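To start, the structure itself, in C-alpha cells.
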Amino acid sequence: KKFNVAIAGATGAVGGAMLDVLARRDFPLDELRLLASERSVGKIINFKGKEIPVQLLSKDAFVGIDIALFSAGATRSFDFAPAAAAAGAVVVDNSSAYRMDPEIPLVVPEVNSHAIAQYKRRGIIANPNCSTIQMLVALKPIHDKVRIKRIVVSTYQAVSGTGAKAIDELNQQILDYAAGKPMTHAVYPHQIAFNCLPQIDSFLDNGYTKEEMKMVNETRKMFEDPTIGVTATTVRVPVFYGHSESVNIETEKKITAAEVKALLKNAPGVQLVDEPTLGQYPMAIDCAGKFETMVGRIREDESIANGINLWVVSDNILKGAALNAVQIAEVLIRDYL
Ligand code: A2P
Ligand code: 11C
C-alpha cells in the first residue's frame with residue numbers, strides 16, 4: 001500500500017530534511033504534496049528525480065492526504081493542523097503547538113511508540129523538541145532498568161535548531177570576521193560566532209527559558225512519570241548541525257558504567273561511541289546526516305551513590321525533527337493505517 005503525504009513547511013530546514021528522510025527510507029509514497037507560504041508558491045523542489053511545485057499551505061490543501069508532516073512553526077500548526085485532521089489526514093506536528101495537550105500523544109518511537117494509538121482522538125501526533133528527543137533515546141534503556149529519579153542536563157545546541165535564517169547569520173558573521181568587517185546580528189540577541197549564548201527561546205517567570213522547560217515537561221510526559229526531577233541549562237553554540245548534551249542522572253538502583261555501556265550498545269537508535277583513550281567520543285561534526293544518536297563519555301558520578309554521566313550527540317534536524325516525524329509515520333502505517 002502507498003500513501004499520500006503532505007509536508008507543511010517543505011521549503012524550511014526541517015521540511016527539506018523530511019524530503020531527504022522520506023527518500024532515504026524509501027517511504028511508500030503515492031502523492032507527495034509540498035506546502036509553504038505564498039512566498040514559495042510555484043517554486044520547484046526535486047524529489048527522487050521528480051519536479052514538484054510548492055503549493056500554498058491553506059485549510060483546503062489536505063484533501064486526499066493520508067499523512068501530513070507539519071514543520072512551519074507553531075502558529076501555522078494551530079491554524080492548519082486541525083483542518084488537515086478534519087480532512088482525514090493524520091498530522092505529525094514538529095512544532096511545540098500541541099506537545100503538552102493531554103489529548104495529543106507526544107512520541108519518540110524508541111521511547112513510547114504505544115502512545116501513537118491515541119492519535120485517534122484528535123488526528124494529531126506531536127513530535128517533541130529536538131533536545132528532549134536525543135536525551136530520551138539515550139536514557140530510556142537505563143530508565144527501564146534502574147529508574148531514573150533525577151536528570152541534570154546542559155545542552156550545546158546548533159544554530160540549525162533556529163532555522164534557515166540562523167544558519168545564514170552564523171555563516172555571515174564568520175565571513176565578516178574573516179574579512180575584518182564588523183559582525184551584525186538579527187536572529188539572535190547577541191553575536192553567535194565565537195560565542196555561547198545561555199538563552200534558547202524566551203525567558204519565563206521562573207528564570208528558565210522555554211527550551212529548558214520543554215526538556216522538563218516533555219520528559220515527564222513521555223516517561224509517563226510526573227515525579228521525575230529534571231533541570232536543564234540550554235545553550236546555543238556556534239555549531240551548524242548537531243546538538244550535544246552533558247547529561248547527569250541519579251538512579252533509584254545502582255548501575256555501573258560498564259552496565260550502561262552494555263545496555264546502550266544494543267539500544268534502538270543509539271550508537272555507542274565510547275573509547276576515550278583512543279580519542280573516540282561523540283562529536284557534533286560526526287553526527288550530521290546520521291540517523292543514530294551517539295552516546296559516549298559514560299562514567300559513574302563519584303559524588304553520589306547512584307549516578308551516571310553521559311555525553312549525547314545527535315543531528316537535531318534528523319532525529320531531533322525530520323527523522324523522528326517520519327519514524328512516527330512509519331509506525332502509523334505499519335500498525336494503524
Ligand atoms: P516559506 O519558505 O515559504 O517562508 P525554517 O524553520 O527553516 O525557517 O522554515 C520555516 C518553514 O515554514 C518554511 O517552509 C516556510 O515557508 C514555512 N512558513 C513560514 N511561515 C509560513 C506561513 N505563514 N504560511 C505557510 N508556511 C509558512
Ligand atoms: C532549538 N530546540 O534548537 C530548538 C528548536 O520546540 O521545536 C526547536 C523548537 C521546537 O532552537
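The values are calculated or read from the model by the stated rules, or taken from the named source; none is laboratory data. The structure displayed is predicted, hence computed values, not measured ones. Cβ sites come from the backbone with ideal geometry, for glycine too, and all protein chains shown count toward neighbours. Accessible surface areas use protein heavy atoms only, side chains included; no ligands, DNA or RNA. Shrake-Rupley method; radii C 1.70, N 1.55, O 1.52, S 1.80 Å.
Would a scan of the stretch 108-116 turn up a residue that is part of a helix (DSSP H, G or I), out of contact with any Lys or Arg (no Cβ under 7 Å at 6 or more places or on another chain) and among the small types (Gly, Ala, Ser)? Yes - at least one qualifying residue is present in the stretch 108-116. Residue pairs whose Cβ atoms lie under 6 Å apart, sitting 6 or more positions apart in sequence or on different chains, and linking a residue in the stretch 185-213 that is in the same structural domain as residue 166 (by TED's automatic domain parsing) to a partner that is of a type in the set (Gly, Ala, Ser) and surrounded by 11 or more Cβ atoms within 10 Å (Cβ to Cβ), are 187/166; 212/232. When the test is whether a residue is within 7 Å of ligand 1 (Cβ to nearest atom) and closer than 19 Å to residue 91 by Cβ, residue 36 passes it. Considering only the stretch 4-11, I want to know if a residue exists there that is out of contact with any helix residue (DSSP H, G or I) (no Cβ under 6 Å at 6 or more places or on another chain), near ligand 1 (Cβ under 10 Å from one of its atoms) and either outside the structural domain of residue 161 (by TED's automatic domain parsing) or among the aliphatic types (A, V, I, L, M) (or both). Among the residues of the stretch 4-11, at least one is out of contact with any helix residue (DSSP H, G or I) (no Cβ under 6 Å at 6 or more places or on another chain), near ligand 1 (Cβ under 10 Å from one of its atoms) and either outside the structural domain of residue 161 (by TED's automatic domain parsing) or among the aliphatic types (A, V, I, L, M) (or both), which makes the answer yes.
If you go through the stretch 155-166 and keep only what is surrounded by fewer than 18 Cβ atoms within 10 Å (Cβ to Cβ) and either without any contact (Cβ under 8 Å) to a residue 40 or more places away in the chain or more than 8 Å from ligand 1 (Cβ to nearest atom) (or both), you end up with just 165. Residues of the stretch 72-94 that are open to solvent by 10 Å² or more (accessible area, probe 1.4 Å), outside any helix (DSSP H, G or I), within 14 Å of ligand 2 (Cβ to nearest atom) and within 23 Å of residue 120 (Cβ to Cβ): 94 alone. Please verify whether residue 62 is buried (at least 19 other Cβ atoms within 10 Å of the Cβ), among the aromatic types (Phe, Trp, Tyr) and not in a loop (DSSP other than H, G, I, E, B), treating the condition exactly as stated. Here the answer is no, as residue 62 does not meet what is asked.
Within the stretch 1-42, the residues that satisfy the criterion of being closer than 14 Å to residue 323 by Cα and not small (Gly, Ala, Ser) are 7, 14, 18, 19, 20, 21, 22, 24, 25, 26, 27.
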